[in-house]
Amino acid sequence: MVKSKMLQECPCGSGAAFEQCCEPYLLGTSTAPNALALMRSRYTAYTLADEAYLQKTWHVSTRPTLISQQMGPMKWLGLEIIVYHQEQHFATVEFITQYKINGRAGKLHEKSQFVFEDGNWLYLDAACFENDSDDHDLISFG
């Protein structure tokens, strides 16, 4: 469930208000119309520690049992979309996100893959590029 704090601008960096951007997806009142919207909403879910949404939007074949143990004390600082490519039932989103963990700044550069099944876009898996961090135990963001 989304934490009940007023957010002016959506954490995903779209420039839109949270209420008109990712909030409907996180609340379940709407589904992401494409993989890019799902990617942005999953980033927002990470910023709000919304594990239920992350689980719901993660493909069953690659979904971990618990995400919260992997999330740790991470603070997400921004999302930059590099490349977005979508075909009929498959899409990729390459992005860079910045974060702080235990007071140390880092950067995650990833190319996430998404599939469209049963009327919904789902995060499948990802390939990480060289990341600007000494922490090699980071989760796949997707």
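What follows is calculated from the coordinates using simple rules that are stated; it is not laboratory data. This structure is a prediction, so every number in the text was calculated from the model and none was measured. Glycine also receives a Cβ, built like all others from the backbone with ideal geometry; neighbour counts cover every protein chain displayed.
What is the order of 50, 118, fewest Cβ neighbours within 10 Å to most?
118, 50
Among 121, 76, which comes first, then next, by fewest other beta-carbon atoms within 10 Å?
76, 121
Give me 112, 41 sorted ascending by neighbouring Cβ count inside 10 Å, so fewest comes first.
112, 41
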